[in-house]
Amino acid sequence: MTQQGLSGAVVRVPENVYYFTNDASAVALLVTQQECIRAATDQEIQYICMGLDASWGSDAPKSSPGGEVLSLVGNQVRSMRRRKDETELARLAMAAACVSYATSAVMASAHVGVTDRELLDAAIAVLPQYQPSGFNFQANIGVGADSADPECQARGVQVHSGDVVLVDLYPQIDGYFGDICRSFVVGKATEAQRRQHAALWNALDATSALLTPGASCSALDSFCRLELERAGFNGDYPHHTGHGLGLSQQESPRITPDSTEVLVAGDVIALEPGIYYDNYGMRVEDVFVVQPEGPPVRLTTTTRELSVCESLQKERQ
C-alpha cells in the first residue's frame, strides 16, 4: 500500500482475508458487493485512494471526480501468497501428511468387489485421526475405464481384478490444501502398465529436480512431457503439468505450456503428469517446496507401489 500510495485496501477474496487475518470470518472493513460496484461507478461518490484484491475487469474505474485513482492490488497479494513462510509451510506439511495417510488407507482398502465410493470413504474415515479440527474433502477417483477421465468422480463402480484405480485427494485442512495422486492396479499389473507407471514417476522425478528459483514454468512443462515421449508414451496429456498450492487448491505459479512465470523460493508446487488411454489412465502427483538453494523438499510420502498384493486380494474375497 505504501509503495502504491494507497491509504486503504478492500480485501474481499476469502483466501486473501484468511491470509492477512488467519481467520476467514474476520474483517477490518465490511463492504457489500452492491456497495463495491456503486463506489466504482457512481459519479457523485468521492472516494479516497483504495486498493482492491480482485480485478473489476473491463469496468475498472480509472479515476473518480474529486477523488483518487482506484488501484488494483490483486497481483501483489498473489505474489505475497506465493512465498510461503514457516507457519504456512508447517500447515502445508501437515496437509501433505494427512493426504498421504488417506491415500495409504485407500490402497489398503482396495480389493475386488469394493466400490470407488467405499474407497473414498476409507480416506474420509482416516483424516479425523490426523486433523480432528475438520477438513473440506475433495477428490477425483476412477476405477477401470473411468480412470481414463482426468476429472473422474466416484459413481459406485466396483473394482475387478486387474483394474487400474486412479485416486487424487486434495482436501483443505486448517485453511491449506493437501494434494496427492496415486495410480495402482488391484491384482497383477501388465508389463505395459508397469512401463507406463515407471515412465510417469521417472518424468515427475526428473522434473522435480529442476524446481529451483528462476526456473521457467513453461520449460518445466515441456521437459516433463518430453520425458514421457522419450519413454515411448504420449506426453500430450490434457491438463497442466503442475501448479502452486496453498490457500487455494490451484494457484500461481502454473506449470503449463503457455506460462510466463518463473519459480521463486517458497513456492509450493504439485507436479502431476498423466498418461491416458481409452480404457484406462494413470496419473501420479507429489508436492514439493522450492528451496533458496539446492533440491526441493518433497512433502507427500505415500508409497509409489503399482500393484496391491494379489494374495491379499484372494484372502479378502
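The values are calculated or read from the model by the stated rules, or taken from the named source; none is laboratory data. Small disclaimer: the values here were computed from a predicted structure and weren't measured. No Cβ is skipped: glycine too gets one built from the backbone with ideal geometry, and neighbour counts run over all protein chains shown. Note: accessible area is taken over every heavy atom of the protein model, side chains too, but ligands, DNA and RNA are not part of it. Shrake-Rupley method; radii C 1.70, N 1.55, O 1.52, S 1.80 Å.
Peptides 281-288, 86-93 ordered by packing proxy, namely the average of other Cβ atoms within 10 Å per residue, highest first: 281-288, 86-93. Mean silhouette area of region 191-247, derived from the convex hull of its C-alpha atoms and averaged over all directions, reads 4.7 nm².
Taking 0.36 nm per residue of separation and subtracting the current Cα-Cα distance, fully stretching the chain between His160 and Ala125 would add 10.3 nm.
Taking 0.36 nm per residue of separation and subtracting the Cα-Cα distance, what length does fully extending Asp236 through Asn75 add?
Separation in residues times 0.36 nm, less the Cα-Cα distance, equals 54.9 nm.
Estimated at the nearest 10 Å², the accessible area of Cys152 is 0 Å² with a 1.4 Å probe. Rounded, prolate or oblate: which fits region 139-245 when a ≥ b ≥ c are the square roots of the eigenvalues of the alpha-carbon gyration tensor, with rounded for a/c under 1.5 and prolate only if a/b beats b/c? It is oblate, given that a/c is not under 1.5 and a/b is not larger than b/c.
Considering only protein heavy atoms and a probe of 1.4 Å, how much of the accessible area of region 123-178 is carbon and sulfur, as a whole percent?
46 percent
Counting only C-alpha contacts under 8 Å and six or more residues apart, can you give the relative contact order of region 102-198 as a whole percent? Kindly include the intermediate steps, with their values, before the conclusion.
On the way: 166 pairs, mean separation 26.3, N = 97.
Taking the mean separation of contacting Cα pairs over the length of region 102-198, I get 27 percent.
The slack in the chain from Ala209 to Leu89, taken as 0.36 nm per residue of separation less the alpha-carbon distance, amounts to 41.2 nm.
Nearest 0.05, what FRET efficiency do Met1 and Asp174 give at R0 = 30 Å with Cβ-Cβ as r? The formula returns an efficiency of 0.60 here.
Extent along the principal axes, Cα only, for region 77-185: 46, 28, 19 Å, with the longest axis given first.
Largest accessible area first, the listed residues Lys188, Lys84 line up as Lys188, Lys84 when surface is computed with a 1.4 Å probe on the assembled protein chains. The distance from the alpha carbon centre of region 144-190 to that of region 249-293 is 18 Å, rounded to a whole number. Here the spin labels are modelled as points 7 Å beyond Cα on the Cα-Cβ line, and at Asp258 and Ala192 they lie 3.3 nm apart.
What region 130-273 shows is 36 Å² of accessible area per residue, with the surface traced by a 1.4 Å probe over protein heavy atoms.
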